[in-house]
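Chemist: Submitted below is the structure of interest, expressed as structure tokens.
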Amino acid sequence: MYTTSETLFEKARQVIPGGVNSPVRAFKGVGGTPVFMKNAKGAYMNDADGNRYIDYINSWGPMILGHAYDPVVKAIQEYATYSTSFGAPTEMETKVAELIVSMVPNIDMVRMVNSGTEACMSALRLARGYTGRNKFIKFEGNYHGHADAFLVNAGSGVATLDIQAVPGVTKSVAEDTLSVPYNNLPAVEQLVAEQGRDIAAIIVEPVAGNMGCILPQPGFLEGLRSICDANGILLIFDEVMTGFRLARGGAQELLGIKADLVTFGKIIGGGMPVGAFAGRKELMEHIAPVGKVYQAGTLSGNPIAMIAGYTLLHTLNENPVIYQQLDEKANYLVNGLREALGAAGVVHQINHLGSMMSVHFAEYPIVDFSAASGANNELFRRFFHGMLERGVYLPPSAFESWFLSNALTTEDLDFTINAAKATMQAIK
Ligand SMILES: *Cc1c(COP(=O)(O)O)cnc(C)c1O
């Protein structure tokens, strides 16, 4: 059933470390052989053996309207004929920036980069350059890409592989990264009381998606905002997952909290490699060539990537009903899964907001990384494989959020809920 994937994985491992170009794809968190994909349309992915799956990762976010969304595919085809890169400015870069500024609250300017990692790395550099301070606060289990400074108590793949300290990240770099538990305002207050004058920024996933999905407790983000205001610290919202997903304007809009700098990735490129960071003019003009905070990219603002992102974002902007539909689908799925798992007598927690969700097998609420780590990940592993066999592709780690696409139908959701029932019966 997975023989082609097994062969492809074996070949890949000879020439690519671990056979994958990003660790979570290797299934280390759940065991077994990763499934190699061939093509996908709408809510469904087809693997190299011809198995079909309902997709709940959606490329970790970008496929919010489903795979191979026709307008995006057509736009890419048309723009590819004009040249795949110039290394000189194009009008489309301004149009994308204007669109983003019109969708996202509190930002005047945007700089495009090529990944979420670059976006966060550059936003941190800007915060440091602007404030003249070196340290910053991040939260345990939050992931801001793989730049050195962020690989301290990082979520996502680092958590899945249980890497405590990443070799290659020097002690002097790690020393400037202060890390505290998510949702723990007193811990932030204490750090700021002790070292506030050295702290350039607090960076946070406003809704965490890299230790499963974990919601900010009431008052947490508001508290961060006021601590930042009182201490000349910049608040960076890492909206690489939440941007254009929780609402057109991301978590800032949905939760009504202002950030000083915002980072984007995933959805912003419609499946092409794009990231961005954004903020007020007064802050953003510290970036080169206006200011001295250097930041650059040969392929940044790539025309194919820009038209793909523009087409997707434009669709989201013109059709706010999409967010309502995604909400309804997520609610339907969450209720169905709660019922299915409850009926099977499985203790579980489902966290969700908008079209982000995750299932943890634990009897206590999952509010931070240590709670997520304490869940029954052996049961998650069996749940994952049971679902996979039944044609449902979940994130291959309990430390990752599920992402719904609006291509999902009620039949797909029912199919998923029934697969969960059958899986639980089979593994009991
Ligand atoms: C995925 C992710 C990143 C990193 O983005 P890449 O494009 O993988 O470099 C950063 N922050 C968050 C919150 C993410 O989910």
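FYI, it's all coordinate maths here, none of it is from the lab. Given the structure is predicted, the values throughout are model-derived calculations rather than measurements. Heads up, the Cβs are rebuilt from the backbone with ideal geometry, glycines too, and the neighbour counts pull from every protein chain shown.
Chemist: Please list 156-162, 199-205 highest first by mean number of surrounding beta-carbon atoms within 10 Å per residue. Could the numbers behind the result be given before it?
Modeler: Working: 156-162: 20.3, 199-205: 25.6.
For the peptides 156-162, 199-205, the packing ranking is 199-205, 156-162.
Chemist: What residue among 166, 274, 188 shows peak mean-square fluctuation when the chain is described by a Gaussian network model with Cα springs under 10 Å?
Modeler: 166
Chemist: Evaluate the charge dipole of the stretch 127-268 about its Cα centre and quote only its size in Debye, nearest 20, assuming +1 on the Cβ of each Lys and Arg and -1 on the Cβ of each Asp and Glu. Let's see the in-between values first.
Modeler: Numbers: 11 positive and 15 negative charges, 55 e Å.
Here the stretch 127-268 has a charge dipole of around 260 debye.
Chemist: Here is a further query. The stretch 117-173 to the stretch 2-24: how many Å between their Cα centroids?
Modeler: Between the Cα centres of the stretch 117-173 and the stretch 2-24 lies a distance of 28 Å.
Chemist: With +1 on the Cβ of every Lys and Arg and -1 on the Cβ of every Asp and Glu, and nothing else charged, how large is the dipole of the chain about its Cα centre, in debye rounded to the nearest 20?
Modeler: 520 debye
Chemist: Quick one: Karplus J couplings for the stretch 33-50, per residue in order, coefficients 6.51, -1.76, 1.60, θ = phi - 60°, nearest Hz, x for Gly and Pro?
Modeler: So the J values, rounded to whole Hz, are 8, x, 8, 8, 8, 10, 7, 7, 8, x, 8, 10, 10, 10, 8, 5, 8, x.
Chemist: Can you compute the radius of gyration and Dmax for the stretch 268-394, using only the Cα atoms, both in Å?
Modeler: 20.8, 61
Chemist: Describe numerically, in nm with one decimal, the distance between label points set 7 Å from Cα along Cα→Cβ at residue 409 and at residue 325.
Modeler: Modelled inter-label distance: 1.3 nm.
Chemist: Output needed for the chain: three equivalent-ellipsoid semi-axes, defined as square roots of 5 times the C-alpha gyration tensor eigenvalues, in descending order, whole Å. All intermediate terms of the calculation are to be shown ahead of the outcome.
Modeler: Values: eigenvalues 213, 141, 86 Å².
Equivalent ellipsoid of the chain: 33, 27, 21 Å, largest first.
Chemist: Just from its helices, what would the mean residue ellipticity at 222 nm be for the chain, if runs of 4 or more DSSP H residues each count -39500 (n - 2.57) and the sum is divided by every residue, rounded to the nearest 500 deg cm²/dmol? Please list the in-between numbers first.
Modeler: Values: 15 runs with 170 residues, N = 428.
Value at 222 nm, helices only, nearest 500: -12000 deg cm²/dmol.
Chemist: Going toward the positive end of the dipole of the stretch 283-428, with +1 on Lys and Arg Cβ and -1 on Asp and Glu Cβ, which of 301, 409, 380 do you reach last?
Modeler: Of 301, 409, 380, it is 380.
Chemist: Still on this model: Work through the residues other than residue 370 whose Cβ is under 14 Å from its Cβ and net out their charges, Lys, Arg +1 and Asp, Glu -1. All intermediate terms of the calculation are to be shown ahead of the outcome.
Modeler: Working: positive: none; negative: 140, 162, 368.
My count for the surroundings of residue 370 gives -3.
Chemist: Report the gain in length on full extension from residue 282 to residue 88: 0.36 nm times residue separation, minus Cα-Cα distance, nm rounded to one decimal. Could you put the intermediate results ahead of the total?
Modeler: Numbers: separation 194, 0.36 × 194 = 69.84 nm, distance 2.50 nm.
Length gained, residue 282 through residue 88: 67.3 nm.
Chemist: Name the residues whose placed amide hydrogens come within less than 5 Å of the amide hydrogen of residue 40, ignoring near sequence neighbours (fewer than 5 apart) on the same chain.
Modeler: 46
Chemist: Could you work out the local net charge near residue 413, counting Lys and Arg as +1, Asp and Glu as -1, over the other residues with Cβ closer than 12 Å to its Cβ? Let's see the in-between values first.
Modeler: On the way: positive: 329; negative: 328, 411, 412, 414.
Local charge sum for residue 413: -3.
Chemist: Let me ask you something else. Evaluate E = 1/(1 + (r/R0)^6) for residue 81 and residue 428, where r is the Cβ-Cβ distance and R0 equals 51 Å; express this FRET efficiency to the nearest 0.05. Each step should come with its number before you reach the end.
Modeler: Working: r = 56 Å, r/R0 = 1.10.
According to the calculation, E is roughly 0.35.
Chemist: In Å and whole numbers, how far do the C-alpha atoms of the stretch 70-318 stretch along each principal axis, longest first?
Modeler: For the stretch 70-318, the Cα spread along each principal axis is 56, 37, 36 Å.
Chemist: In addition: Please state the relative contact order of the stretch 70-318 as a whole percent: Cα pairs under 8 Å, 6+ residues apart?
Modeler: Numbers: 490 pairs, mean separation 75.4, N = 249.
RCO, the stretch 70-318: 30 percent.
Chemist: Here is a further query. Can you run phi through the Karplus equation (6.51, -1.76, 1.60; θ = phi - 60°) for the stretch 382-397 and list ³J(HN,Hα) in whole Hz, with x for Gly and Pro?
Modeler: So the J values, rounded to whole Hz, are 6, 4, 4, 5, x, 5, 4, 4, 8, x, 10, 9, 9, x, x, 6.
Chemist: Out of 354, 334, 319, whose Cα points farthest toward the positive end of the dipole of the stretch 316-369 (charges: +1 Lys, Arg; -1 Asp, Glu; placed on Cβ)?
Modeler: 334
Chemist: Report the label-to-label distance for residue 194 and residue 343 in nanometres (one decimal), using points 7 Å from each Cα along the Cα→Cβ vector.
Modeler: Output for this residue pair reads 5.1 nm.
Chemist: From the backbone phi of the stretch 301-317, what are the Karplus-calculated ³J(HN,Hα) couplings (6.51 cos²θ - 1.76 cosθ + 1.60, θ = phi - 60°) in whole Hz, Gly and Pro given as x?
Modeler: x, 3, x, 5, 5, 5, 6, 5, x, 4, 5, 5, 4, 4, 4, 5, 5
Chemist: Mark the label point 7 Å from the Cα of residue 41 along Cα→Cβ and return the residues of the stretch 387-428 whose backbone N is within less than 20 Å of it.
Modeler: Under cut-off, by backbone N: 391-393, 405-413.
Chemist: Could I ask something else about it? With the radius of gyration and the Kirkwood radius both derived from the Cα set of the stretch 111-213, what is their ratio Rg to Rh? Before the final figure, lay out each step's value.
Modeler: Values: Rg = 13.2 Å, Rh = 14.0 Å.
Over the Cα atoms of the stretch 111-213, Rg/Rh equals 0.94.
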